[in-house]
């Protein structure tokens, strides 16, 4: 983990515990190309070292394929999904609009024309239909499974950023539930898991604000109870980029090797979150009487530790 991950973990732990709730741990290891068990075990060790214990058993997404299959079939039976044979090059060629976070809005190239009549067409849908017209050749290629989204606004109140309203078709597009290689996509897995785990509050970085309306739409069509959402500002480096693996000096493994004290790290992040007036070493539980979302800034925070 880097400090941006720890910042999210600390805020979510404080938010849950300040309300008398539980803080659950889920290992999102559904991507076979990026997930390794030793990484997950290291993350768990880091959380314990920081003084952020979780409640209940750890949930591993890699062990829940049958559950995701069940809910995907519900969506398929309802006629809300379709196979997509597009490659990334195909999608780029449609010149679909890009969101500010770099997200490509899928142009609806493979969407069958008879699905949910009355939905507004997405950019490029009319001009690129050859993939679905020749089923004998399409079926020979692997396909991802997309969810057809309606042309409607999804509104919600974020606990930190307030009222949000996003049009699914224009800003998200039909999105993938299962990849071509059979791996489960993020949106379906987290919605099913949050619902079945009884999650009532989700805390995460503001870069995932656009995922929230997609997930709320899934909650509604699957008949799940929706959680509340709190998005927080990102920790960024001096170049204005959000922290990631390239910022090795702020990686927790490096900080631990340098014998940094966990209370020192927690105190620094609490300062970044506006909870403390200065970076004072403290344990997470010592921050509970001081925590308030009103103290957390909305602008991204330059982290220099």
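The values are calculated or read from the model by the stated rules, or taken from the named source; none is laboratory data. Small disclaimer: the values here were computed from a predicted structure and weren't measured. As a convention, Cβ positions derive from the backbone with ideal geometry for all residues, glycine included, and neighbour counts pool all protein chains shown.
What the table below lists for this structure:
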quantity	calculated
Check on residue 35, assigned to a helix (DSSP H, G or I), in contact with a strand residue (DSSP E or B) (Cβ under 9 Å, 6 or more places away or on another chain) and surrounded by 11 or more Cβ atoms within 10 Å (Cβ to Cβ)	no
Single residue of 144, 155, 130 found to be modelled with pLDDT of 95 or more and surrounded by fewer than 14 Cβ atoms within 10 Å (Cβ to Cβ)	155
Exclusive hit being outside the structural domain of residue 154 (by TED's automatic domain parsing), more than 28 Å from residue 271 (Cβ to Cβ) and out of contact with any helix residue (DSSP H, G or I) (no Cβ under 7 Å at 6 or more places or on another chain), set 198, 240	198
Residue tally, condition in contact with a strand residue (DSSP E or B) (Cβ under 9 Å, 6 or more places away or on another chain) and either assigned to a loop (DSSP other than H, G, I, E, B) or at pLDDT below 95 (or both), over segment 3-22	4
Test: residue in segment 250-257 that is farther than 22 Å from residue 203 by Cα and part of a loop (DSSP other than H, G, I, E, B)	no
Within segment 277-299, tally of residues that are more than 27 Å from residue 158 (Cβ to Cβ) and free of Cβ contacts under 8 Å to residues at least 40 places away in the same chain	6
Residue satisfying all of: in segment 92-105; over 10 Å from residue 173 (Cβ atoms) and either in contact with a strand residue (DSSP E or B) (Cβ under 7 Å, 6 or more places away or on another chain) or crowded, with 18+ Cβ neighbours inside 10 Å (or both); modelled with the lowest pLDDT among these	98
